[in-house]
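Enquirer: Structure in structure tokens, see below.
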Amino acid sequence: MTDSPEQLTEALDRLDAGRSSDEDQRRVRAGLRDALAELDALRGTTERQRRTLLRTVAILRAQGLEPVAESVLDIVVSLTGAERGFVAVCPFGETTEEPTGDWRFLAARELARKDLDDPDSLVSTTIIRRVLRSREAVVTTDALQSNFKDAASVKSLKLRSVACLPIVPEGGMIGFIYLDNTTETDTFDEAAMDTVRAILPVAAEAVYRALAEEDASVEGFPEVITCSEAFKGQLARLRQAAAGEVPVLLCGPTGTGKTLLARQVHEASPRADKPFIHVNSGAIPESLIEAELFGVVRGAYTGAERSRAGLFEAADGGTLYLDELQALPPACQVKLLLALEERKVTRVGSTEPVEVDVRVIASLDRDPEQAMAEGALRADLHYRLAVLVAHVPPLAERAEDIPLLAQAFLKSSRQRLGSRDLHLGRAALQRLLDHDWPGNVRELQNVLERAALLTEGDVIEDIEVTAKSPGWSGRILGRRPKVDLDEFQRVWEECGGRSSVVAERLGIHPKSVPRIRRRLQGK
């Protein structure tokens, strides 16, 4: 029986006073041995916690879906001593009420870190289906003696210790971690499984982030980030048009990323190795814009001291991007139409046309019909440019992209400013999701850059967004009416899921409907 601290203290006092007995010395030696054993155990625990923390950080820093999954597998296999480990995800957005079994393995490995081929044949589909249906972990000490003993996969694989845990981020079920041992029972002790459960939220969010980023990639346009199906439809049309020579007209509010799209179309075209000339039509004085676009000969007007080529000639063989087309004066729009039709430009002060091989991409900050009605766009120029018209949606209509764009901007800030890794806290992300974004993607980028500069820790816990629209300024603290989620669900079902009707019934902006739907799905 181990002595109490009081008994050991008394024995030490007698030892110090030279009055100790053999029994006192035995007690002190035994107490010292126990203390050293406890210290060793504490050191071991501390070392395990240190390694676990380092591996958890590795999960957060991993980029790409498979590297994230491999980092998750590294930590759970090392913690549990599993003979084999697997990480899988279900198709993105798929309901798991009735699992179909078409999950996708991202990592499969033996304890010796050897990758496994054909992982589908090495796991118990019965146990996995149970986990996907219940969203609760299954841990068996001996599968051959458990409720799963009659499952064909358990018997054929001769499974003993099995642990299967769901990966459940806030958005819902997306996959599972599967561990097993075919030779030993009781492999997964409670302490190890508690540690695995503790890191599961981190693993789930990392996998969710990587899965969303993979889903947000746009074929042919590597710098475009979106999960919006409507926007992806516009991008698919642009990708097809990129290979051709037809003019493209991009329409959308200021700050939505039209310049980025124009450059992506150029880089996906056969002209990618030729110049891309960006012309901000609204930034050039009206008196100089013709000379800037089409060139000028010496003496054409006061101050024209030498002949020089215009931006059309500078873009020869490549792409000319006319940003803010509605800012071009009508007379200049006529010359632009002639240049497009004849593929020639005439310098100001000259009568000799110059042949140019230029593809034109133009942008408007409003709908073309509105621009023509306002007299800002000539109808004949519109019809010449509108071979392909792509509408770039405001950020408020693609709010599902906000988390991905925010993380991309934070990463960009880190690379440019040499700062540390930063992540958005839940409150900060919710603030971003609740904002109207009158300045669109450009405003979001500025908000994130300011937050990156002002945040002292590794996590942005709160964030400030401001509106600069006329008549209002200040911090956005949720200006929409609060909508009860149960009421929203009832109205949604009654209206057959028609967003405009739902918005009218609830007295909210139609753009708020998708946002409330996401809140409801995450409830």
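The values are calculated or read from the model by the stated rules, or taken from the named source; none is laboratory data. All of these numbers come straight from a predicted model, not from anything done at the bench. A quick note on method: Cβ atoms are made from the backbone with ideal geometry, for glycine too, and the neighbour counts reach across all protein chains shown. What goes into the accessible areas is simple: the full protein's heavy atoms, side chains included, and nothing from ligands, DNA or RNA. Shrake-Rupley method; radii C 1.70, N 1.55, O 1.52, S 1.80 Å.
Enquirer: Could you count how many residues in region 132-174 are open to solvent by less than 70 Å² (accessible area, probe 1.4 Å) and at positive phi?
Expert: Residues in region 132-174 being open to solvent by less than 70 Å² (accessible area, probe 1.4 Å) and at positive phi: 1 in total.
Enquirer: Still on this structure, please answer the following. May I ask you to say which residue of Glu205, Glu184, Glu223, Glu214 is within 30 Å of Leu340 (Cα to Cα), at pLDDT below 90 and not β-branched (Val, Ile, Thr)?
Expert: Going through Glu205, Glu184, Glu223, Glu214 in turn, the sole match is Glu223.
Enquirer: Here's another thing I want to ask about it. Got a number for residues in region 177-233 being open to solvent by 30 Å² or more (accessible area, probe 1.4 Å) and under 30 Å from Lys155 (Cα atoms)?
Expert: Qualifying residue count for the region: 11.
Enquirer: Still on this model: Any idea how many residues of region 407-422 are outside any loop (DSSP other than H, G, I, E, B) and either open to solvent by 60 Å² or more (accessible area, probe 1.4 Å) or at pLDDT 90 or above (or both)?
Expert: Result for region 407-422: 5.
Enquirer: Evaluate region 376-397: report whether one residue or more is in contact (Cβ under 8 Å) with a residue 24 or more places away in the chain, at positive phi and either of a type outside the set (Phe, Trp, Tyr) or assigned to a loop (DSSP other than H, G, I, E, B) (or both).
Expert: no
Enquirer: Criterion first (surrounded by fewer than 17 Cβ atoms within 10 Å (Cβ to Cβ) and among the acidic types (Asp, Glu)) does Glu267 satisfy it?
Expert: The answer is no for Glu267.
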